[in-house]
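The values are calculated or read from the model by the stated rules, or taken from the named source; none is laboratory data. None of these values were measured; they are calculated from a predicted model. Cβ sites come from the backbone with ideal geometry, for glycine too, and all protein chains shown count toward neighbours.
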Amino acid sequence: MAIKIRVVNMIPQSQSNETNDDSETNIAVNPADPRIIGATAFTASPTAIIFLSSDGGETWSEAAIVPTFTSDYNAKFSRNALYCGDLPGAPLAVFRTTDPFSGALMVQIDAQPNIDQPWMAVETVTKGPDSGKDRVYAGYTNWNLVTSVATIDVSQDGAVAVPVFNSVTLQNRVVSRNAPSVRPTIHSDGTVYAAYFDWRAPLVPPTWGSTIADVVVARDDTWGVNNFQDLVDPLDAHFGVRVATGLNCNFNGNLGPDRFGSDIAAVVDPRPKHSRRVWVAWCDMQGASYTLQVRQSKDRGKTWSSDLLTIPNSKNPGLAINSEGRVGVFYQQLTGPVVAQRWEHHVQFTRNGVDWHDVLLANTAATNWTGDYNFLQAHGREFYGTFATDNTPDLANFPHGVRYQRNLNFATKQLFDLTNTVVIPASIDPFFFKISWHEEEEEGEEAGFGFKRLEIEGLKYESLSIKKLKFERFGEEDDDDEGDDARAISRLLHRIADGIEDEEETNE
Amino acid sequence: MATATKELDRLVEESTYVFKATVTQLNASNEPSVRPGPGLIVAHVDEAFRASPSVRASGLRGRDVTIQLSGGAPALGDKLLVFANEWLYGVQIALREVAHHKATAQAEKEVEELVERLPIRHLEARLDGAVLVVDGEVESIGPSPVPDGFSLRSPNYQLAVVRVVSTLKGNRGERVDVLFPTNPAPPWRNAPRLKEHQNAVFLLRHETALKAPPQFFTALDPDDVQSRETLSKIRSLLKP
């Protein structure tokens, strides 16, 4: 299965001296122009910086445009602006810029006095009377009144000079608290899901430790106007369906040099008429292993599949679905003996939840903390992401190759300073990746055909299995059109499948 | 301190980049990510006095940099003393100017001296703000008795019990309880991690993040834990 994979070390050449642990990366692809990409990482600076690329991720710069320092931050692009949720100490500060390359500092548009782990999700409305408005969602856990409550600040028009934000409390069960991670995911039809953990039992000081947890997915059918109360759990009549219950979440446990305990991701299928399809991934203790699990709902979060994928010793899940409905599951897995542990950074792809295609992006020494989350984003057919890992310039660590901007020597596996003379020790760097699926590379599809008839056997799509399909050409044959025939078949199959799903949705 | 020196002192404090440069281009940028335009110049760095740790003076010296001016536009060929902060790092470096002065031998000398004194001034400030300065040894490391916030931004303290050899400032008994963070994330990542049997001079403040009782102290700045070799220097810097 041929796919194009690009991995780029994001540290600019002019930062070749740096030995910082640039951990906890996140990515923001501009939906209006995917050549414009932003990213964040804990890069040492008096103020937080935004990594910027204007060429689709081939080259990167660091822009000091966030006005404050950070304890935790990430950014997302709408079609109008770049939004950054920052945690300068304890408060939340949401910043915005319409031109991150201008050099102007971002402007603050939202604030909360005491929160943890801000997480941005934004979408520009493209249809209807609100077309052009930015829907802005800042997920976080609220420490203002009681302990750690899952909350989303929602603005229906984040692009105006002074946006109005409404704080929506997700927690509505009797629980001890919510874990820090709150993950909104937006569909262009106005459906917004949010995944979070209910922690049902307290953590006992002074030792952090296990708690019993539920994974909850809430939904709002009108851009957050209904306070995420459109999905009711049939078993307890509370808002938000419990995808999994009674989990063992070991908060602040250790996986190699990293801590863990609040790992969750969610994504809605971005295709038109597919907002009923939503995926969630999380990690919890399965025996002694912190294990990634992935589940899917096809009915707007009402019911959920069993585990479609489980990966032991893993953390930092990311989920994305591209314009063809291909799902990407991004994670890092700890491997190797204790004395020589390594991080493997993977993306696994599926279209049906059954057949998975694994891409190993990097396999590096697990040397230092890499952060509490990652993110995977799709635009069109492409998948984009970032991860933090050891920056030793060893080509054996990157199975699909890697490009560095900073000074180095691949032959000696050494980094060099700005003068290109002094060896710089290895540290944690942010890496960008882009995975491009080519149109002709479809599962269950032969490479093409040069005959008047073609038979395909053993095709699977979602829960359907087709034993045999026969295709027959009509019209003139062309010596060069083998790939076109294959693509035509692929499109035909997907239209049939989508048509079946659209029909199902209409009938709901 | 003369008025002019005070002004230079303020600029050095406010600027992570201080250098002497020659203006080589007007309304221009040498960094591809920065669009050229009014208010931008390119200058050749003739001498670097201060730079961010990720560039260092040695990495700045001899470079051409893009500068976003804060005030009056210089002319081509002008020699400037530039005070600036970071804006953008790409293939090249772009800086936001705080101010620039005409480069003179006298101003250069003063700036060089002020920059050289920055580490001492930082240490002086840490000493001024410390409520307790002790020479001692970490006797034991254990769990913190102070309830943590259980958030990802909590310090995740551990407790170091320091046996006091001598007290340089403040007044405590034979042992001091020092909380040190283990959280790998900002703002805790660069705070000193104490080790059992570590001998050092500790510049201590009362714990504030978790509002711990006053008997608990912290040493959160990298300069708050000094090797014993600096003992005489620290004594000389302590104000009576």
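Looking at this structure, is B:VAL138 β-branched (Val, Ile, Thr), farther than 22 Å from B:PRO186 by Cβ and either without any contact (Cβ under 8 Å) to a residue 40 or more places away in the chain or in the same structural domain as B:PHE180 (by TED's automatic domain parsing) (or both)?
Values: β-branched (Val, Ile, Thr): yes; farther than 22 Å from B:PRO186 by Cβ: yes; either without any contact (Cβ under 8 Å) to a residue 40 or more places away in the chain or in the same structural domain as B:PHE180 (by TED's automatic domain parsing) (or both): yes.
So B:VAL138 passes the test.
What about A:ASP153, is it assigned to a strand (DSSP E or B), acidic (Asp, Glu) and modelled with pLDDT of 95 or more? Before you say what the answer is, go through the steps one by one.
Numbers: assigned to a strand (DSSP E or B): yes; acidic (Asp, Glu): yes; modelled with pLDDT of 95 or more: yes.
Yes, satisfied.
Please tell me if A:ILE115 is within 11 Å of another protein chain (Cβ to nearest Cβ), crowded, with 24+ Cβ neighbours inside 10 Å, among the β-branched types (Val, Ile, Thr) and in contact with a Leu (Cβ under 8 Å, 6 or more places away or on another chain).
Numbers: within 11 Å of another protein chain (Cβ to nearest Cβ): yes; crowded, with 24+ Cβ neighbours inside 10 Å: yes; among the β-branched types (Val, Ile, Thr): yes; in contact with a Leu (Cβ under 8 Å, 6 or more places away or on another chain): yes.
The answer is yes for A:ILE115.
Considering only the stretch A:189-253, give the strands (runs of 3 or more DSSP E) lying wholly within it that have at least 2 residues that are under 22 Å from A:TYR290 (Cβ atoms), touching a Lys or Arg at 6+ places or on another chain (Cβ under 6 Å) and in the same structural domain as A:ASN172 (by TED's automatic domain parsing).
Numbers: elements: A:192-199, A:210-220, A:241-250.
Answer list for the stretch A:189-253: A:192-199, A:210-220.
Do we find a residue being more than 20 Å from the chain's Cα centre (by Cα) and within 14 Å of chain A (Cβ to nearest Cβ) anywhere in the stretch B:185-204? Talk me through it step by step, then tell me what you get.
Going through the stretch B:185-204, the residues more than 20 Å from the chain's Cα centre (by Cα) turn out to be B:194-200.
Add one more test, that the residue is within 14 Å of chain A (Cβ to nearest Cβ), and what stays is none.
Checked against the condition, which is being more than 20 Å from the chain's Cα centre (by Cα) and within 14 Å of chain A (Cβ to nearest Cβ), the stretch B:185-204 yields no hits at all.
Could you grab me the full set of residues in the stretch B:40-63 that are acidic (Asp, Glu) and either crowded, with 17+ Cβ neighbours inside 10 Å or outside the structural domain of B:ALA99 (by TED's automatic domain parsing) (or both)?
Matches in the stretch B:40-63: B:GLU47 only.
Please indicate, with yes or no, whether at least one residue in the stretch A:158-165 is assigned to a strand (DSSP E or B), assigned by TED's automatic domain parsing to the domain that holds A:ARG96 and surrounded by 15 or more Cβ atoms within 10 Å (Cβ to Cβ).
Narrowing the stretch A:158-165 to residues assigned to a strand (DSSP E or B): none.
The answer is no; no qualifying residue exists.
Scanning the stretch A:19-34 for residues that are surrounded by 19 or more Cβ atoms within 10 Å (Cβ to Cβ) and of a type in the set (Ser, Thr, Tyr), which turns out nearest to A:LYS434 (Cα to Cα)?
A:THR25
Can A:ALA265 be described as modelled with pLDDT of 95 or more, under 20 Å from A:ILE115 (Cα atoms) and assigned by TED's automatic domain parsing to the domain that holds A:LYS298?
Spelling it out, A:ALA265 is indeed modelled with pLDDT of 95 or more, under 20 Å from A:ILE115 (Cα atoms) and assigned by TED's automatic domain parsing to the domain that holds A:LYS298.
Give the residues of the stretch A:188-208 that are aliphatic (A, V, I, L, M), surrounded by 15 or more Cβ atoms within 10 Å (Cβ to Cβ) and within 14 Å of another protein chain (Cβ to nearest Cβ), sorted by residue number. Give the steps one after another, and end with the answer.
Taking the stretch A:188-208 and keeping what is aliphatic (A, V, I, L, M), we get A:192, A:194-195, A:201, A:203-204.
The next check asks that each one be surrounded by 15 or more Cβ atoms within 10 Å (Cβ to Cβ); those that pass are A:192, A:194-195, A:203.
Answer for the stretch A:188-208, where residues must be aliphatic (A, V, I, L, M), surrounded by 15 or more Cβ atoms within 10 Å (Cβ to Cβ) and within 14 Å of another protein chain (Cβ to nearest Cβ): just A:LEU203.
So, in the stretch A:88-125, how many residues would count as being within 22 Å of the chain's Cα centre (by Cα), of a type in the set (S, T, N, Q) and in a loop (DSSP other than H, G, I, E, B)?
Counting residues in the stretch A:88-125 that are within 22 Å of the chain's Cα centre (by Cα), of a type in the set (S, T, N, Q) and in a loop (DSSP other than H, G, I, E, B) gives 0.
Out of all the residues in the stretch A:254-290, which are among the basic types (Lys, Arg) and assigned to a strand (DSSP E or B)? Walk me through how you get there before you give the answer.
Keep residues of the stretch A:254-290 that are among the basic types (Lys, Arg), which gives A:259, A:271, A:273, A:276-277.
Scanning the stretch A:254-290 gives a single hit, A:ARG259.
Going through the stretch A:231-258 one residue at a time, which ones are of a type in the set (D, E, K, R) and in contact (Cβ under 8 Å) with a residue 40 or more places away in the chain? Step through it out loud before you land on a result.
Residues of the stretch A:231-258 that are of a type in the set (D, E, K, R), as a first pass: A:233, A:236, A:242, A:258.
Listed by number, the residues that qualify are A:ASP236, A:ARG242, A:ASP258.
Among (1) in contact (Cβ under 8 Å) with a residue 60 or more places away in the chain; (2) within 24 Å of A:ASN166 (Cα to Cα); (3) among the polar types (S, T, N, Q), where does A:SER210 come up short?
(2)
Is the stretch A:169-188 home to any residue that is part of a loop (DSSP other than H, G, I, E, B), touching a residue at least 60 places away in the same chain (Cβ under 8 Å), touching a strand residue (DSSP E or B) at 6+ places or on another chain (Cβ under 9 Å) and closer than 18 Å to A:TRP119 by Cβ?
Kept after step one, since they are part of a loop (DSSP other than H, G, I, E, B), are these residues of the stretch A:169-188: A:170-176, A:187-188.
Subset that is touching a residue at least 60 places away in the same chain (Cβ under 8 Å): A:170, A:172-173, A:187-188.
Okay, now just the ones that are also touching a strand residue (DSSP E or B) at 6+ places or on another chain (Cβ under 9 Å), so A:170, A:172-173, A:187-188.
Filter once more, keeping what is closer than 18 Å to A:TRP119 by Cβ: A:170, A:187.
Yes, there is a match, as at least one residue in the stretch A:169-188 is part of a loop (DSSP other than H, G, I, E, B), touching a residue at least 60 places away in the same chain (Cβ under 8 Å), touching a strand residue (DSSP E or B) at 6+ places or on another chain (Cβ under 9 Å) and closer than 18 Å to A:TRP119 by Cβ.
Take the residues in the stretch B:64-79 that are of a type outside the set (A, V, I, L, M, F, W, C) and crowded, with 18+ Cβ neighbours inside 10 Å; name whichever of them is farthest from the chain's Cα centre (by Cα). Before the answer, list the steps.
Restricting attention to the stretch B:64-79, the residues satisfying the condition of being of a type outside the set (A, V, I, L, M, F, W, C) are B:64, B:66, B:68, B:70-72, B:74, B:77-79.
The next check asks that each one be crowded, with 18+ Cβ neighbours inside 10 Å; those that pass are B:66, B:68, B:74.
Details: B:THR66: 24, B:GLN68: 23, B:PRO74: 30 Å.
So the residue we want is B:PRO74.
Would it be correct to say that B:VAL82 is touching a residue at least 24 places away in the same chain (Cβ under 8 Å), crowded, with 18+ Cβ neighbours inside 10 Å and either small (Gly, Ala, Ser) or touching a His at 6+ places or on another chain (Cβ under 8 Å) (or both)?
Numbers: touching a residue at least 24 places away in the same chain (Cβ under 8 Å): yes; crowded, with 18+ Cβ neighbours inside 10 Å: yes; either small (Gly, Ala, Ser) or touching a His at 6+ places or on another chain (Cβ under 8 Å) (or both): yes.
Judged against the criteria, B:VAL82 is a match.
Just one of (1) closer than 16 Å to A:ALA388 by Cβ; (2) not in a loop (DSSP other than H, G, I, E, B) trips up A:GLY85, so point out which.
With (1) closer than 16 Å to A:ALA388 by Cβ; (2) not in a loop (DSSP other than H, G, I, E, B) applied to A:GLY85, the lone miss is (1).
Name every residue in the stretch A:168-187 that is touching a Ser or Thr at 6+ places or on another chain (Cβ under 6 Å) and either over 15 Å from A:TYR140 (Cβ atoms) or more than 14 Å from chain B (Cβ to nearest Cβ) (or both), in order of residue number.
First, the residues of the stretch A:168-187 that are touching a Ser or Thr at 6+ places or on another chain (Cβ under 6 Å): A:169, A:177-181, A:187.
The answer is A:THR169, A:HIS187.
Of everything in the stretch A:411-434 that's in a loop (DSSP other than H, G, I, E, B) and of a type in the set (A, V, I, L, M, F, W, C), which residue is nearest to A:GLY385 (Cα to Cα)? Break it down stepwise before answering.
Start the filter on the stretch A:411-434 by keeping residues that are in a loop (DSSP other than H, G, I, E, B), which leaves A:411-413, A:417-422, A:425-427.
Keeping just the survivors that are of a type in the set (A, V, I, L, M, F, W, C) gives A:411, A:418, A:422, A:426.
Numbers: A:ALA411: 27, A:LEU418: 27, A:VAL422: 31, A:ALA426: 22 Å.
That would be A:ALA426.
Counting only residues that are within 14 Å of another protein chain (Cβ to nearest Cβ) and within 20 Å of B:LEU8 (Cβ to Cβ), give me the strands (runs of 3 or more DSSP E) lying completely in the stretch B:53-122 with at least 2 of them.
On the way: elements: B:64-68, B:79-89, B:93-102.
Correct list: B:79-89, B:93-102.
Kindly provide the set of residues from the stretch A:46-65 that are in contact (Cβ under 8 Å) with a residue 24 or more places away in the chain, within 12 Å of chain B (Cβ to nearest Cβ) and either of a type in the set (Val, Ile, Thr) or outside any strand (DSSP E or B) (or both), ordered by number.
Residues of the stretch A:46-65 that are in contact (Cβ under 8 Å) with a residue 24 or more places away in the chain, as a first pass: A:48, A:50-54, A:56-63, A:65.
Cutting the leftovers down to within 12 Å of chain B (Cβ to nearest Cβ) gives us A:48, A:50-54, A:58-63, A:65.
Once the filter is applied, which keeps residues that are in contact (Cβ under 8 Å) with a residue 24 or more places away in the chain, within 12 Å of chain B (Cβ to nearest Cβ) and either of a type in the set (Val, Ile, Thr) or outside any strand (DSSP E or B) (or both), the stretch A:46-65 yields A:ALA48, A:ILE50, A:SER54, A:GLU58, A:THR59, A:TRP60, A:ILE65.
Which of the numbered conditions does B:SER227 fail, given that it passes all the others? Conditions: (1) under 27 Å from the mean Cα position of the chain (by Cα); (2) closer than 25 Å to A:TRP369 by Cβ; (3) surrounded by fewer than 18 Cβ atoms within 10 Å (Cβ to Cβ); (4) modelled with pLDDT of 95 or more.
Of the numbered conditions (1) under 27 Å from the mean Cα position of the chain (by Cα); (2) closer than 25 Å to A:TRP369 by Cβ; (3) surrounded by fewer than 18 Cβ atoms within 10 Å (Cβ to Cβ); (4) modelled with pLDDT of 95 or more, the odd one out for B:SER227 is (2).
Go through the stretch A:55-105 residue by residue and tally those that are surrounded by fewer than 19 Cβ atoms within 10 Å (Cβ to Cβ), at pLDDT 95 or above and among the hydroxyl-bearing types (Ser, Thr, Tyr).
Residues that pass the stated criteria total 1.
Out of all the residues in the stretch B:134-153, which are facing another protein chain (nearest Cβ under 9 Å) and under 26 Å from the mean Cα position of the chain (by Cα)? Give the steps one after another, and end with the answer.
So in the stretch B:134-153, the residues facing another protein chain (nearest Cβ under 9 Å) come out as B:143-153.
Once the filter is applied, which keeps residues that are facing another protein chain (nearest Cβ under 9 Å) and under 26 Å from the mean Cα position of the chain (by Cα), the stretch B:134-153 yields B:LEU152, B:ARG153.
Out of the stretch A:1-27, which residues are over 14 Å from A:THR43 (Cβ atoms), part of a strand (DSSP E or B) and within 14 Å of chain B (Cβ to nearest Cβ)?
If the condition is that a residue be over 14 Å from A:THR43 (Cβ atoms), part of a strand (DSSP E or B) and within 14 Å of chain B (Cβ to nearest Cβ), then A:VAL8 is the only one that fits.
Which residues, taken from the stretch B:160-184, are closer than 21 Å to A:PRO257 by Cα, within 14 Å of chain A (Cβ to nearest Cβ) and part of a strand (DSSP E or B)? Explain how you work it out, then say what you get.
If we filter the stretch B:160-184 for residues that are closer than 21 Å to A:PRO257 by Cα, which is where we start, we get B:180-184.
Okay, now just the ones that are also within 14 Å of chain A (Cβ to nearest Cβ), so B:181-184.
The answer is B:PRO181, and nothing else.
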